[in-house]
Structures are given as structure tokens and as C-alpha cells.
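Presented below is the structure to which this report refers.
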Amino acid sequence: TEGEISGLTDTQVRASYVFGQEQVVATLVANLPTGVQTETNLPDLQAAGAISSSFLLFPVNGYTNGASLTGGLAFAFQAGSWNLGLSAGARVSGEYEPYAGTDVTYQPGLEGRLRLGADRLVGSSRLSLGFTVSDFGTDEFTNGSYRPGNRLVGEATLIAPLGASTLTAYVWDYYRTNSDDGSNTLGDYGNAENLLDAGVTATSPLTRSLSLLSLLEARSWAPDGGSGFLAGAGLGARVAAGDHISLSVGGRLDTGSIVSQSGADYDLTGWGAT
């Protein structure tokens, strides 16, 4: 059985304003509901579920999410040898119809996000650390309500010179708590999950205007039931076309598997190009 979703996704318009010497930045993002709606037949619903998976990390994980407005404010300051940052944001969303040909409406609750960041030089390398927490209000839909679990994300990145090349090693961990029906009268939905990702990229100059880009990455997924694993590799090139323009091209291949709660094993293969 094959399910698919095709067509335009939502359009996002972003604006930012920098105060002073880049110590305070305000951002505003508007989501315009230009995306196609999901059909209600089972194969297409399954395709939509795969696209939204936090494990598979599609570049766009939903085709239509309704109109929304997200505002944020970020502060940066120095503390000795450390650069520290704090940002906060909130998203307000309007009601929309997620499925084609139905009268089902969905009203997402208020979403808030807080992020802490720090970085410093370590010898000739740079170490960056980050921690993000996201909190969600109760979503209301035609036949009930839904309260998404909170999200916690920790990350670390080290950028280091290696001969003429630049090496970037990174690791991040994403944890989502259980969701419930909004009042928790039915208990939680048992959909907590933990996602761990680690990788390394290298930028190696071949000539004065041409650089080779390479990537290795691995990701493991631990939901309440089952498991998942992905390994990926990529190659690309960056060409400097003058003092103000550069062109980057690249591709990657990922392969792995998902084990469902019932123990069924599914192979995965995917590719991407930029």
C-alpha cells in the first residue's frame, strides 16, 4: 500500500531586528496556511504520520498548520571567557481544518519556549552548549482536546581546526514527555520518547575557491515501545564565485530500521539533496 502527500507546504515570513551591537535580537515569524490538506484515507494519513516523525526529521514535518504568529527576544552578554545567551519565544495559532473534505477543526494551544546558550574558546577550538525547553497549552479539536508533552533538548558542538580543514563534532538529545487528553482523566498516552543524535562534519579546502564538505551522522530513537536507528553519510562542495557569492551543493544517504511495539522490523532508506 502506498500513501503520498504532494503540493505546496505552508509559507513562512520572517523578520528580525538587531538592537545595538548584536546584544539584543527581536524576531517575528508568520506562518501562512498555503499548504495542502491531508486526505483522510488510511495510506495518506500514514504518510502524514511518517512525515511528522521526530525520528525521521523531515525538513518540513507538516504540510498545513494554519495561521500562526511567533515572537521571540534573545539577549547575549559576556561573562569572563564565556559568551552567554538567553532567548524566549511564544507562538499563537489560529483554528484550522487539517483534513480535506471534513468539518474537523483544530485549535492549537499557546506554545512557549525558553533557550539557554553558552560558548567559549578552548585553545584554538570553539565549544558551544545549549539547552531548550518547550511548553504547550491544551489543543482543542472538534471531538475533544489534547495536551502535547513538553520538549527538552540539550546540545553540544565543538568546532576545531585539523590541518587546513575545519572539523565540527556535535551531539544533541531530545526528550518528549507523555501527552494526555488535556484533563488527564484518561491517563497519559504513553508516547514519551528520547532521541539521541551525534555527527561530525568536515570542510576541507581543495583550491582557493573550492572546498569539499563531508558528513557522518548516527541517530537512535527510544520511544515507550520499540526502537529505531539511522546512520547517514553525505558529500558536498562549496564554490566561491567572487567576493560576495558562493554556491553549495550536496547530497546524503541514510539507512536504518524501526522496530515497532509489536516487534515488527522495518527497513528504512532515504536520500536528500541541497
Q.
Between T34 and A273, what's the calculated FRET efficiency when r is the beta-carbon distance and R0 is 30 Å? Round to 0.05.
A. 0.80
Q) Taking Rh as the Kirkwood radius computed over C-alpha pairs, what is the Stokes-Einstein D of segment 45-134 at 37 °C in a medium of viscosity 0.692 mPa s, expressed in µm² per second? A) 200 µm²/s
**Q.** Accessible area (Å², per residue) of the chain, counting only protein heavy atoms and a probe of 1.4 Å
**A.** 60 Å²
**Q.** Additional length obtainable on full extension of the chain from D181 to S81, 0.36 nm per residue less Cα span
**A.** 31.4 nm
(Q) Once you keep just the Cα pairs under 8 angstrom separated by 6 or more residues, what percentage relative contact order results for the chain? (A) 9 percent
Q. What does the highest-first list of 177-184, 74-81 look like by mean Cβ count within 10 Å?
A. 177-184, 74-81
Q | A202 paired with A26, simple spin-label distance in nm, labels 7 Å along Cα-to-beta-carbon | A | 4.6 nm
Q. Over the alpha carbons of segment 58-207, what is the largest minus smallest coordinate on each principal axis, giving the biggest first in Å?
A. 60, 37, 30
**Q.** Ratio Rg/Rh, restricted to the chain and using Cα atoms, in which Rh is the Kirkwood radius
**A.** 0.98
Q) Measuring from label point to label point, each 7 Å out along Cα→Cβ, what is the S125 to E2 span in nm? A) 4.6 nm
Q.
Tell me the Kirkwood radius of segment 157-221: reciprocal of the mean inverse pair distance over distinct alpha-carbon atoms, in Å.
A. 14.9 Å
Q.
Could you derive backbone 3J(HN,Hα) for segment 23-37 from the dihedral phi with the Karplus parameters 6.51, -1.76 and 1.60 (θ = phi - 60°), listing whole Hz in sequence and x where the residue is Gly or Pro?
A. 8, 9, 10, 9, 10, 9, 10, 10, 9, 9, x, 9, x, 6, 7
(Q) Expected output is a single nm value to one decimal: the length gained when fully extending between T168 and D265, i.e. 0.36 nm times separation in residues minus the C-alpha distance. What is it? (A) 31.6 nm
Q: Return the carbon/sulfur percentage of the accessible area of the chain, one whole number, probe 1.4 Å, all protein chains in place.
A: 59 percent
Q.
Through the Karplus equation 6.51 cos²θ - 1.76 cosθ + 1.60, θ set to phi - 60°, convert the phi angles of segment 221-234 into ³J(HN,Hα) values in whole Hz; use x for Gly and Pro.
A. 10, 10, x, 4, x, x, 6, x, 8, 9, 10, x, 9, x
Q | the chain: angle of helix 42-51 to the longest principal axis, Cα-based, in degrees nearest 10 | A | 30 degrees
Q | segment 158-274: C-alpha pair distances exceeding 22 Å, % | A | 53 percent
**Q.** Kirkwood-type radius of segment 139-188, with distances r between different C-alpha atoms, in Å
**A.** 14.2 Å
Q) Per the helix-only calculation at 222 nm, which mean residue ellipticity applies to the chain, given -39500 (n - 2.57) for every DSSP H run of n ≥ 4 and division by its residues, nearest 500 deg cm²/dmol? A) -1000 deg cm²/dmol
Q: Return the Cα extents of segment 51-93 along principal axes one, two and three, sorted largest first, each rounded to a whole Å.
A: 44, 25, 10
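The values are calculated or read from the model by the stated rules, or taken from the named source; none is laboratory data. What you see is a predicted model; the values in this text were computed from it and never measured. Quick reminder, even Gly has a Cβ in these numbers, built from the backbone with ideal geometry, and neighbours come from all protein chains shown. Heads up: the accessible areas ignore ligands, DNA and RNA and are worked out on the full protein's heavy atoms, side chains in. Shrake-Rupley method; radii C 1.70, N 1.55, O 1.52, S 1.80 Å.
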